[in-house]
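Visitor: Pasting a structure below so you can have a look.
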Amino acid sequence: MPDLLLELFCEEIPARMQAGAADSLKKLVTDALVERGLLYEGAKAFVTPRRLALAVHGLPASQPDTHEERKGPRVGAPQAAIDGFLKASGLASIDQAKIESDPKKGEFYVAHLHRHGRPTPEVIAEIVPAIIRAFPWPKSMRWGTGSLRWVRPLQSIVCTFGPETEEPEVVPFEIDGLRSGDVTRGHRFLSSGAIRVRRLDDWMTKLEAAFVVVDRERRKDIILADARDLALAHGLELVEDAGLLDEISGLVEWPVVLIGAFDEGFLDVPDEVIRATIRANQKCFVLNDPKTGRLANRFILVSNLAAKDGGDAIVAGNGRVIRARLSDAKFFWDTDKKTNATVPLADRLAKFQNVTFHEKLGSQFARIERIAALAKTLAPLVGADPALAEQAALYAKADLRTEVVGEFPEVQGLMGKYYARLEGLPEEIALAAEEHYKPQGPADRVPVAPVSVAVALADKLDTLVGFWAIDEKPTGSKDPYALRRAALGLVRIVLDNGLRLKLSEFVEPDLLAFFADRLKVHLRESGARHDLVDAVFALEGQDDLLLVVKRVEALGRFLRTEDGKNLLAGTKRAANILRIEEKKDGVSYGGGVDITLLHEPEERALADAIAKAGPLIATALSAEDFEGAMGVMASLRAPVDAFFEKVTVNAEDKALRANRLALLADIRAITRQVADFERIEG
Amino acid sequence: MRPDKSFQGLILALHAFWADKGCVVLQPYDMEVGAGTFHPATTLRALGPKPWKAAYVQPSRRPKDGRYGENPNRLQHYYQYQVILKPSPANLQELYLASLEAIGIDLRLHDVRFVEDDWESPTLGAWGLGWECWCDGMEVSQFTYFQQVAGIECAPVSGELTYGLERLAMYVQGVENVYDLNFNGREGDEKVTYGDVFLQAEKEYSRHNFEHADTAMLLEQFRMAESAAAKYLEAGWSDDRSRHLMAQPAYDQCIKASHVFNLLDARGVISVTERQSYILRVRELAKACGAAWLATEAGGTPA
């Protein structure tokens with residue numbers, strides 16, 4: 001079975017776009033092949049800074065032949081109908097159609113259309129240019145005099161097709177003056193001249209010999225393994241950083257890992273600042289010294305060149321830049337310390353009056369004051385001292401005005417912690433400065449110190465309430481103010497700390513629904529059923545996230561029991577019947593069963609059971625004993641089952657029927673004390 | 001004049017290289033600008049269908065970057081080496097790399113990388129895609145394919161290269177402080193450093209930019225430049241508005257407004273919200289000048 005090799009060679013593709021582009025290329029090409037009847041055995045995409053490639057393995061040489069029978073008009077139909085048929089079926093004359101007969105319709109024409117499958121290269125030559133023209137780059141550009149758009153100028157295209165054992169052919173096409181061929185190029189500096197390639201294995205081998213590792217994952221493996229080894233050889237540990245590794249693997253075709261050093265004096269600067277400087281500006285790794293537990297004065301850089309001097313000049317050059325950057329960082333750190341010693345950070349809050357937080361939400365100063373007031377209110381609910389929480393909130397954003405944070409925004413909060421400690425403020429305040437931003441993402445930890453919790457909740461609530469008020473809610477994939485993250489963060493803080501918070505005291509119903517959505521996402525990730533969350537939120541007054549979760553958990557356990565499953569089925573059945581009958585009758589049933597009309601023993605038993613269970617469930621619920629409530633619910637299963645088995649709801653006697661429907665309404669009502677069973681799946 | 005021994009040697013080597021590639025080697029524009037892109041040889045010539053190749057040094061002023069001569073890397077006045085090639089040739093990256101070799105950077109010894117950097121000038125209504133070019137981890141140039149200038153689509157597309165001359169010189173001379181750069185390539189008594197030429201100016205202008213620049217006058221100058229640009233633009237249009245006869249004098253006023261804005265910004269008298277509106281006002285001027293340029297002969301409208 002023949003294989004396809006496609007390589008799009010261009011000027012440097014931004015690192016952050018490479019993985020997505022490889023996925024897109026694979027999906028677009030294979031989907032287009034399959035859509036045209038060309039099934040394949042396997043496909044793999046490759047990406048480097050200068051090439052995007054795809055190998056599709058095990059394709060047929062041509063599309064399958066197709067046969068279609070198209071029925072036409074009856075024999076003797078008007079000429080217009082015959083002409084229409086000829087045009088639609090592509091026949092030259094009606095003689096080419098067969099005449100078939102049918103006892104009902106009589107004799108009619110049938111066109112037998114045989115289509116020979118087209119050769120695969122012809123199909124490829126059609127789909128690839130279309131995919132290139134419409135490729136979903138996040139940002140694309142034009143160049144020179146052309147009109148083609150690509151992420152950066154596209155320079156050449158390899159497109160070959162053929163069986164493993166033979167010389168593959170070039171799939172010929174042209175796009176904006178660029179002709180497909182079988183020639184590529186190797187590493188920009190370590191290789192020169194054209195390289196003719198045949199198919200995947202050949203392409204990989206020749207490029208490897210030309211100093212290009214085409215597989216992104218392999219480049220990552222090489223970088224990580226070499227970096228760890230090099231660190232180990234110096235008695236140090238690599239500070240691993242998956243995001244940085246991803247980015248670096250997109251900046252090199254031939255990774256060469258080197259180690260350099262910087263002056264030990266820079267280690268006065270907090271580790272995080274050193275790391276932020278070296279990572280953001282130089283895209284280098286930092287190293288831990290296991291002896292001190294702190295950073296070592298070394299860095300690991302990944303160059304794209306096996307230099308003829310072994311990399312000495314590259315290490316020296318990078319070292320100089322890192323020195324300059326660290327001098328800046330140290331200068332900022334020293335300046336901050338000096339300034340803070342003269343005027344404490346908290347005394348400089350007034351400056352925030354001139355900083356706009358958001359055009360419609362006022363200054364950063366106003367926001368800080370709001371957060372402080374809210375933190376004070378929340379403090380008793382989370383076990384924090386109100387005055388301390390207020391003071392911590394006033395301090396929490398103060399580091400935004402420092403030099404270090406101005407230069408490295410990613411260490412906000414952390415610097416607040418360091419500066420608070422230097423100022424001798426209570427440790428709770430220092431911690432809150434760092435922790436009130438948490439959790440930043442799913443992998444980040446949740447604050448537990450009460451003061452941190454109060455400030456973190458206040459910060460997130462203020463953000464959400466503010467943006468809700470000015471109608472800047474997240475829509476679809478757009479969430480510029482990271483409001484989903486803020487809401488999810490709040491949900492996690494509440495749940496992980498077991499906090500009792502009636503959210504409706506702080507937010508409007510629409511925002512409460514947003515929290516419900518975030519809670520669903522959160523619970524789904526931990527394996528809970530989102531329909532149960534819906535079923536609980538459908539009840540009135542569910543604004544305490546912790547109770548919602550407890551109720552959902554109890555409900556989940558109950559529904560896994562036989563009693564639970566059957567009661568759910570019975571309740572749904574009751575609800576269905578009610579829905580149909582209420583629609584038919586145009587009335588709503590409920591409002592009490594007339595005991596004198598209960599004839600059958602099963603309906604009397606059910607009415608008794610409901611009457612007994614009602615107050616018990618209510619008592620259990622008001623004691624927040626959800627397990628207990630579910631236990632009472634279980635006692636309803638047998639009477640409900642028996643009722644449906646023995647009693648005909650739609651009785652001839654109208655009064656009897658209405659009374660039984662009222663009984664069904666009671667089933668619906670009693671289960672609604674716990675959850676809206678109609679929203680539960682299954 | 002070896003490019004690795006003197007600042008002027010570096011400039012001369014780049015001139016020789018790009019002259020050899022067919023560029024007109026221009027002199028700096030005689031107005032205060034924030035970057036080489038503001039030179040009409042780039043901004044205006046990037047618009048319209050006519051081919052164009054030019055190279056020049058442009059003194060660039062960034063009032064806010066002044067550090068009273070105390071920072072070894074930051075200056076409020078520095079030099080950019082600017083190359084503009086329209087249409088961008090297919091081998092522009094190779095040409096750029098050859099220019100690095102021409103100034104003494106051995107590409108088998110140094111790690112040169114093209115790292116994503118999308119360029120945007122809100123005041124010029126311009127944007128493009130390209131890279132910052134790294135040499136051993138240091139950014140030494142900007143490389144941009146212009147997509148839009150003055151709010152107008154570029155067709156053909158120009159390729160723009162901007163070398164940070166001081167940084168590059170520090171790199172090839174192996175110097176840590178910009179003021180230690182050898183300017184004239186002589187040694188001993190005859191040696192002139194970058195500091196000899198510019199240190200006093202950095203101190204004086206830092207004082208001026210941050211403390212003394214007359215803000216009332218500058219605010220007035222901004223308004224004057226803005227209204228002069230509008231006046232010249234209007235006066236330059238032919239009766240049927242098919243041709244423009246004064247695009248460049250109008251554009252000068254746009255440049256002036258932009259620089260005055262930068263000075264006001266350095267003096268800290270422009271609030272965050274006002275800032276946006278000033279930028280928009282300059283952009284409106286730039287757009288109108290670009291449209292006027294297209295109606296001139298060099299902009300592609302035959303006489």
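What follows is calculated from the coordinates using simple rules that are stated; it is not laboratory data. Predicted model, so just to flag it, every value in this text is computed and none were measured. Don't worry about glycine lacking a Cβ; one is built from the backbone with ideal geometry, like all the others, and counts go over all protein chains shown.
Visitor: Which of the chymotrypsin sites (Phe, Trp or Tyr not before Pro) found in the range B:1-92 are loop residues per DSSP with 12 or fewer other Cβ atoms within 10 Å of their Cβ?
Guide: Sparse-neighbourhood loop chymotrypsin sites (Phe, Trp or Tyr not before Pro): none present.
Visitor: So for A:Lys376, B:Lys86, B:Lys64, fewest C-beta neighbours within 10 Å to most, what's the order? It would help to have the intermediate numbers written out before the result.
Guide: On the way: A:Lys376 20, B:Lys86 25, B:Lys64 16.
Least crowded to most crowded, the residues run B:Lys64, A:Lys376, B:Lys86.
Visitor: Note down the net charge around A:Ala389, summing +1 for each Lys or Arg and -1 for each Asp or Glu among other residues with Cβ under 11 Å from its Cβ.
Guide: Counting the neighbours of A:Ala389, the net charge comes to -2.
Visitor: Work out, in µm²/s and without decimals, the Stokes-Einstein translational diffusion coefficient of the range A:536-580 at 10 °C, 1.306 mPa s, Rh from Kirkwood over C-alpha pairs.
Guide: Details: Rh = 11.9 Å.
Translational diffusion coefficient: 134 µm²/s.
Visitor: Can you pull out the GluC sites (Glu not before Pro) in the range A:633-681 that DSSP calls coil and that have at most 16 other Cβ atoms within 10 Å?
Guide: Sites meeting the loop and neighbour criteria: A:Glu652, A:Glu681.
Visitor: For the range A:639-682, just say rounded, prolate or oblate: build the C-alpha gyration tensor, square-root its eigenvalues into a ≥ b ≥ c, call rounded for a/c under 1.5, and beyond that prolate if a/b exceeds b/c, oblate if not. Working shown, then result.
Guide: Working: a/c = 2.59, a/b = 1.87, b/c = 1.38.
Prolate, since a/c reaches 1.5 and a/b exceeds b/c.
Visitor: Let me confirm the definition first: pairs of Lys residues in the range A:216-340, 8 or more apart or on different chains, C-alpha distance under 29 Å. How many are there?
Guide: Lysine pairs meeting both conditions in the range A:216-340 amount to 10.
Visitor: Fully extended, how many nm does the chain gain between A:Ala346 and A:Glu540 (0.36 nm per residue separation, minus their Cα-Cα distance)?
Guide: 65.5 nm
Visitor: Other chains' Cβ within 10 Å of A:296-308 residues: what's the mean?
Guide: 3
Visitor: While we're here: Could you name the aspartates and glutamates in cross-link range of A:Lys360, using Cα to Cα under 12 Å and dropping any fewer than eight places away on the same chain?
Guide: A:Lys360 reaches A:Asp471, A:Glu472.
Visitor: Write down the percent of antiparallel bridges among all DSSP beta bridges whose residues are both part of the protein assembly as shown, to the nearest 5.
Guide: Values: 99 of 103 bridges.
Around 95 percent antiparallel, to the nearest 5.
Visitor: What is the P(r) of the range B:166-215, as percent of Cα-Cα pairs per 5 Å bin from 0?
Guide: Calculated P(r), rounded to whole percents: 5, 20, 21, 20, 13, 9, 7, 4, 1.
Visitor: Cα centroid distance between the range A:512-528 and the range B:258-303, in Å?
Guide: Measuring centre to centre over Cα atoms gives 49 Å.
Visitor: Now for a separate question. Work through the residues other than B:Glu120 whose Cβ is under 14 Å from its Cβ and net out their charges, Lys, Arg +1 and Asp, Glu -1.
Guide: So the surrounding residues net to -3.
Visitor: Step through the residues of the range A:621-638 one at a time and calculate ³J(HN,Hα) from phi using the Karplus curve (6.51 cos²θ - 1.76 cosθ + 1.60, θ = phi - 60°), rounding each to whole Hz and writing x for Gly and Pro.
Guide: After applying 6.51 cos²θ - 1.76 cosθ + 1.60, I find 5, 6, 8, 6, 9, 6, 4, x, 4, 5, x, 5, 4, 4, 5, 7, 4, 4 Hz.
Visitor: Further question: Enter the Cα centre distance for the pair the range B:5-34 and the range B:144-158, rounded to the nearest angstrom.
Guide: 23 Å
Visitor: Same structure, new question: Where a Cα-Cα gap under 24 Å defines reach, which lysines qualify for A:Lys376, not counting those fewer than 8 residues away within the same chain?
Guide: A:Lys351, A:Lys397, A:Lys417, A:Lys438, A:Lys460, A:Lys502
Visitor: Only Cα pairs under 8 Å and at least 6 apart count here; give the relative contact order of chain B as a rounded whole percent.
Guide: With pairs under 8 Å counted, the relative contact order is 21 percent.
Visitor: Order A:121-127, A:347-353 from most to least packed using the mean count of other Cβ atoms within 10 Å.
Guide: Those peptides, ordered most packed to least, come out A:121-127, A:347-353.
Visitor: Still on this structure, I have one more. Just the Kirkwood number for the protein assembly as shown, please: inverse of mean 1/r across all distinct Cα pairs, in Å, one decimal.
Guide: With all distinct Cα pairs of the protein assembly as shown included, I get 34.8 Å.
Visitor: For the pair A:Glu624 and A:Leu512, how long in nm is the line joining their label points, each one 7 Å along Cα→Cβ?
Guide: So the two model labels end up 1.7 nm from each other.
Visitor: Give the separation of the Cα centroids, the range A:5-43 to the range A:206-233, in Å.
Guide: The range A:5-43 and the range A:206-233 have Cα centres spaced 23 Å from each other.
Visitor: In addition: Given a cut-off of 22 Å, what percent of all Cα-Cα pairs of the range A:77-152 lie beyond it?
Guide: Every Cα pair in the range A:77-152 considered, those over 22 Å come to 57 percent.
Visitor: Using every Cα-Cα pair within the range A:346-544, state what percent have a distance larger than 30 Å. Don't skip to the end; give the middle numbers.
Guide: Values: 3689 of 19701 pairs.
The calculated P(r) of the range A:346-544 puts 19 percent of pairs beyond 30 Å.
Visitor: Please quote Rg/Rh for the range A:462-523 to two decimal places, taking the Kirkwood radius as Rh and restricting both calculations to Cα atoms.
Guide: Working: Rg = 11.3 Å, Rh = 12.0 Å.
Here the Rg-to-Rh quotient is 0.94.
Visitor: Determine which lysines satisfy two conditions relative to A:Lys572: a Cα distance under 26 Å, and not lying fewer than 8 residues away in the same chain.
Guide: Hits, sequence-local ones excluded: A:Lys520, A:Lys550, A:Lys583, A:Lys584, A:Lys612, A:Lys646, A:Lys654.
Visitor: Shifting gears a bit: Can you give the mean number of other chain Cβ atoms that lie within 10 Å of the Cβ atoms in peptide B:133-141? Before the final figure, lay out the partial values.
Guide: On the way: counts 1, 7, 4, 14, 18, 8, 2, 0, 0.
Rounded to a whole number, the mean comes out at 6.
Visitor: Also: With the Cα gyration tensor of the range A:216-340 giving a ≥ b ≥ c as the square roots of its eigenvalues, does the rule (a/c under 1.5 for rounded; else a/b larger than b/c for prolate; else oblate) give rounded, prolate or oblate?
Guide: prolate
Visitor: Across the Cα atoms of chain B, what radius of gyration and what greatest pairwise Cα-Cα distance (Dmax) are found, in Å?
Guide: 19.8, 65
Visitor: I've got another one for you. Which of the three applies to the range A:66-115, rounded, prolate or oblate, going by the alpha-carbon gyration tensor with a ≥ b ≥ c and a/c under 1.5 meaning rounded?
Guide: Working: a/c = 2.22, a/b = 1.22, b/c = 1.82.
It comes out oblate by the Cα gyration axes.
Visitor: While we're here: Given the alpha-carbon gyration tensor of the range A:587-626, what are the semi-axes of its equivalent ellipsoid in whole angstrom, ordered largest first, with each equal to the square root of 5 times an eigenvalue?
Guide: Semi-axes from the Cα gyration tensor: 25, 14, 7 Å.
Visitor: With +1 on the Cβ of every Lys and Arg and -1 on the Cβ of every Asp and Glu, and nothing else charged, how large is the dipole of the range A:346-544 about its Cα centre, in debye rounded to the nearest 20?
Guide: 200 debye
Visitor: Once all Cα-Cα distances of the range A:561-679 are split into 5 Å bins that start at 0, what whole-number percent is in each one?
Guide: 2, 12, 23, 25, 19, 11, 5, 2, 0
Visitor: According to a simple spin-label model (label point 7 Å from Cα along Cα-to-Cβ), what is the distance in nm between B:Ala102 and B:Ala230?
Guide: 4.5 nm
Visitor: If you don't mind, another one. Between A:Glu427 and A:Glu505, how high is the FRET efficiency from 1/(1 + (r/R0)^6) when r is the Cβ-Cβ distance and R₀ = 25 Å? Nearest 0.05.
Guide: The pair A:Glu427/A:Glu505 has a calculated efficiency of 0.25.
Visitor: Hey, another quick one. Just from its helices, what would the mean residue ellipticity at 222 nm be for chain A, if runs of 4 or more DSSP H residues each count -39500 (n - 2.57) and the sum is divided by every residue, rounded to the nearest 500 deg cm²/dmol?
Guide: Calculated from helices alone, the mean residue ellipticity at 222 nm is -16000 deg cm²/dmol.
Visitor: Name the residue farthest towards the positive end of the dipole of chain A from the options A:His112, A:Ala373, A:Leu546, assuming +1 on Cβ of Lys and Arg, -1 on Cβ of Asp and Glu, about the Cα centre.
Guide: Highest projection toward the positive end goes to A:His112.
Visitor: Right, next: Quick check: net charge around B:Gly69, other residues with Cβ under 14 Å of its Cβ, Lys/Arg +1 and Asp/Glu -1?
Guide: Once positives and negatives cancel, what remains is -3.
Visitor: Just in the range A:505-568: which GluC sites (Glu not before Pro) are loop by DSSP and have at most 11 other Cβ atoms within 10 Å?
Guide: A:Glu540
Visitor: Here's a follow-up. Shielding of A:316-323 by partners, i.e. mean partner chain Cβ atoms within 10 Å per residue?
Guide: The shielding value for this peptide is 5.
Visitor: Spin-label point model (7 Å from Cα, Cβ direction): what's the A:Arg604 to A:Gln673 distance in nm?
Guide: Output for this residue pair reads 2.4 nm.
Visitor: Place the peptides A:444-454, A:362-372 in order of packing, highest mean first, counting for every residue the other Cβ atoms within 10 Å and averaging per peptide.
Guide: Highest to lowest by the protection proxy: A:444-454, A:362-372.
Visitor: Right, here's the next one. Once you keep just the Cα pairs under 8 angstrom separated by 6 or more residues, what percentage relative contact order results for chain A?
Guide: Dividing the mean separation by the residue count of chain A yields 7 percent.
Visitor: Taking θ as phi - 60°, what are the ³J(HN,Hα) couplings along the range A:272-286 by the Karplus curve (6.51, -1.76, 1.60), each to the nearest whole Hz, with x for Gly and Pro?
Guide: 5, 6, 4, 5, 4, 4, 6, 6, 5, 8, 10, 6, 10, 8, 10
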